[in-house]
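**Student:** Structure in structure tokens, see below.
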Amino acid sequence: MALTAAVFSSHMVLQRSKRAAVFGTGRVGEAVRVRLLETGAEAQCTVKPDGTWKTYLPAMKGGLSLTMTVEGDGTYEEFTDVVTGEVWLAGGQSNMEFFLVNSKNGSEELKSSGGANVRCYNVYRNTFKDENYESAERTNNWKCASEENSGEWSAVAYYAAKALSEKLGVTVGIIGCNLGGTSASCWMPRADLEEYASLRPYLDDYDNAVKGKTIEEMIREYDEYVEYHTAWEKRMQKCYQEIPDVKWAEVLEICGENRYPGPMNIKSPFRPAGTYETMLQRVMPYTIRGFWYYQGENDDMRPETYYTLLTAMIKRWRHDFEDDTMPFILHQLPAFCYEDAVDAKNWCRIREAQMDVYRTVKNTGINVILDCGEFANIHPTDKKPVGERLAAQTEALVYGGCEKDAFGLLYRDFSVNGNELTLYFDYGEDGIELRGEGAGFEIAEENGEYMPAKAEISGNAVKLTADGIKKPARARYAWKNYPEISLFGRNGIPAAPFRTFKEEDYNL
């Protein structure tokens, strides 16, 4: 009865240079034997009282092509075209999920994708464990890059993996574990959220929403929403086809109420711990090199707690994948705001929290993509530069690549001389570039309001002055949800947004 987890299939990529976990389910006490036929390596274990089993194959070099067999009491599985290389889990929400076929020039990229030494396993996006859950999961398998296979792969992860495979000379495998609209609280267990008072609101919102409801009521409630929303989306798509420049308010008038994201209950994919239980746990603890993570948009209502949320999630993922120092590379949110929206500067706080995580949590990287956003489009389509910068970050953090190729400018410190405030940066040794009018900088006096500042390059620093500011005490740059972007490193990567002083009232 022994059966491997669904993540094991033909064409899979095993992480090189690390012992590889193989795991699944079976009959209690059943003996399980895993073999790699070409190398003679094997591992054995017995099924534990909870019905699960796990064993480890020895570490192997990259570039091998193998056949894996798994034998139980009367069961036999054989996986062919198994290769050893580098494996990265691509986690997060919609901008990590964003399909290659839908990305800018994605159709053209797909035509040549068969030449990419990249493979992918997309975790099945079934967020509720109904009677079809496990059988649907079994329809998934590892796939090699091709025009037919790669259209619904993460565009960001594909471009990063393609660049890495070319650099490293080995196959790069992607485990796509992402879902649009998810908070980081969806990707960690409830017990972790309960540990922090600042994270309790995520649970309180859910508990209040389901209070007094039966499971049957919640399922019926959510199914009714899905039926309504499916029909609404068809009306909405027709509306945009007929009136391409239609405003959102007009869409609602024509199509009716938009009820997304639906009721928060046991069937909602956006419930706390939901995707952790139904997606991420299904691939734990597949042996990987590290994590690529692009998320934060759906936590912008609580930016003040995002640092705590994200650090807790990183700790959990590392624990569950059996490596407390596993590399974790973040994507700092790009520029974005909706048309006619008030700038609450909440995305500024999310970006700041992401940078704080990078600076304080060991073995992390941060992909600065401020210039890769689109006005009024929360899903910017040009994912190639995002993926290529991610590859550079990955090389710098893990594979001995040059840090100067991975970063633009990171704020380090400042000094004041009279009415002039000077900013200093890391990764500015090769020069600093101001584009356009050098907009986006602001300075303020102690307890005063920020004023737009004039920026001037001085060696590897930037000097700021502003009319009416005689004694500047603090500065900030790109401190808007959709900021003006003018500061870059010589490598073309934008400076990360920053402020020199974290005011309690970040809307000052």
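**Student:** Starting from the Cα gyration tensor of the chain, multiply each eigenvalue by 5, take the square root, and state the resulting semi-axes largest first in whole Å.
**Tutor:** That gives 41, 29, 22 Å for the three semi-axes.
**Student:** Separate question: Loop only per DSSP, at most 11 neighbouring Cβ atoms within 10 Å: give me the trypsin sites (Lys or Arg not before Pro) in segment 403-508, ordered by residue number.
**Tutor:** Qualifying residues, ordered by number: LYS470, LYS502.
**Student:** In square nanometres, what is one fourth of the surface area of the convex hull spanned by the alpha carbons of segment 145-202?
**Tutor:** 6.0
**Student:** As a test of understanding, state the convex hull volume per residue of segment 336-434 from its alpha carbons, in Å³.
**Tutor:** 150
**Student:** Distance between the C-alpha centers of segment 131-152 and segment 206-258? Whole Å please.
**Tutor:** Between the Cα centre of segment 131-152 and that of segment 206-258, the gap is 28 Å.
**Student:** Shifting gears a bit: Mean separation of Cα pairs under 8 Å and 6+ residues apart, divided by the residue count of the chain: what relative contact order is that in percent?
**Tutor:** 13
**Student:** In what sequence, highest mean first, do 287-295, 115-123, 311-319 appear when ranked by Cβ atoms within 10 angstrom?
**Tutor:** For the peptides 287-295, 115-123, 311-319, the packing ranking is 287-295, 115-123, 311-319.
**Student:** Go ahead and run the numbers for FRET between LYS480 and ARG200, Cβ-Cβ distance against an R0 of 41 Å, rounding to 0.05. If you can, show how the numbers build up before the last one.
**Tutor:** Details: r = 30 Å, r/R0 = 0.74.
Between LYS480 and ARG200 the formula returns 0.85.
**Student:** Oh, and also: Kindly provide the GluC sites (Glu not before Pro) of segment 416-454 that DSSP labels as loop, not H, G, I, E or B, and whose Cβ sees at most 11 other Cβ atoms within 10 Å.
**Tutor:** Values: sites: GLU420, GLU429, GLU433, GLU437, GLU442, GLU445, GLU446, GLU449; in loops: GLU429, GLU437, GLU446, GLU449.
Passing sites in segment 416-454 are GLU429, GLU437, GLU446, GLU449.
**Student:** Can you list which of the GluC sites (Glu not before Pro) found in segment 105-193 are DSSP loop residues with at most 12 other C-beta atoms within 10 Å?
**Tutor:** Loop-located and lightly packed - GLU131, GLU148.
**Student:** Another question about this same structure. Which of rounded, prolate or oblate describes segment 152-263 when judged by the alpha-carbon gyration tensor and an a/c cut-off of 1.5? Please list the in-between numbers first.
**Tutor:** On the way: a/c = 2.46, a/b = 1.15, b/c = 2.14.
Judged from the Cα gyration tensor, segment 152-263 comes out oblate (a/c at least 1.5, b/c at or above a/b).
**Student:** Moving on. With the crude spin-label approximation of a point 7 Å out along Cα→Cβ, what separation in nm comes out for GLN281 versus TRP248?
**Tutor:** Those two pseudo-labels are separated by 3.5 nm.
**Student:** For LYS61, give me every one of the lysines with a C-alpha distance below 21 angstrom, ignoring sequence neighbours fewer than eight places off in its own chain.
**Tutor:** Straight-line reach from LYS61, under 21 Å: LYS18, LYS162, LYS167.
**Student:** Let a ≥ b ≥ c be the square roots of the eigenvalues of the Cα gyration tensor of segment 410-499; is it rounded (a/c under 1.5), or, if not, prolate (a/b larger than b/c) or oblate?
**Tutor:** Because a/c hits 1.5 or more and a/b exceeds b/c, segment 410-499 counts as prolate.
**Student:** Bin width 10 Å, origin at 0, all Cα-Cα pairs of segment 1-91: what percent of pairs per bin?
**Tutor:** 18, 52, 26, 4
**Student:** Can you tell me which of 208-217, 39-48, 378-387 comes out highest on packing, and rank the rest after it, using the mean Cβ neighbours within 10 Å? All intermediate terms of the calculation are to be shown ahead of the outcome.
**Tutor:** Working: 208-217: 11.3, 39-48: 15.0, 378-387: 19.9.
Peptide ranking by packing, descending: 378-387, 39-48, 208-217.
**Student:** Another question about this same structure. Using a basic spin-label model with each label point 7 Å from the Cα along Cα→Cβ, how many nm lie between SER146 and ASN417?
**Tutor:** Modelled inter-label distance: 6.5 nm.
**Student:** What is the calculated FRET efficiency for SER10 to TYR228, with r their C-beta to C-beta distance and R₀ = 41 Å, to the nearest 0.05?
**Tutor:** Using R0 = 41 Å, I get an efficiency of 0.50.
**Student:** Stretch GLU446-ASP356 to full length: gain in nm at 0.36 nm per residue minus the Cα-Cα span? Each step should come with its number before you reach the end.
**Tutor:** On the way: separation 90, 0.36 × 90 = 32.40 nm, distance 2.38 nm.
Extending this stretch completely gives an extra 30.0 nm.
**Student:** Using helices alone, I'd like the mean residue ellipticity at 222 nm for the chain: each DSSP H run of four-plus residues gives -39500 (n - 2.57), total over residue count, nearest 500.
**Tutor:** Per the formula, -8000 deg cm²/dmol.
**Student:** Quick check: residue separation of GLU257 and ALA31 times 0.36 nm, minus the Cα distance between them. What number comes out in nm?
**Tutor:** 75.7 nm
Read the figures in this text as sums done on the coordinates, not as results from a lab. Please read these numbers as outputs of a predicted model, since none were measured by experiment. We place every Cβ from the backbone using ideal geometry, glycine too, and count neighbours over all the protein chains shown.
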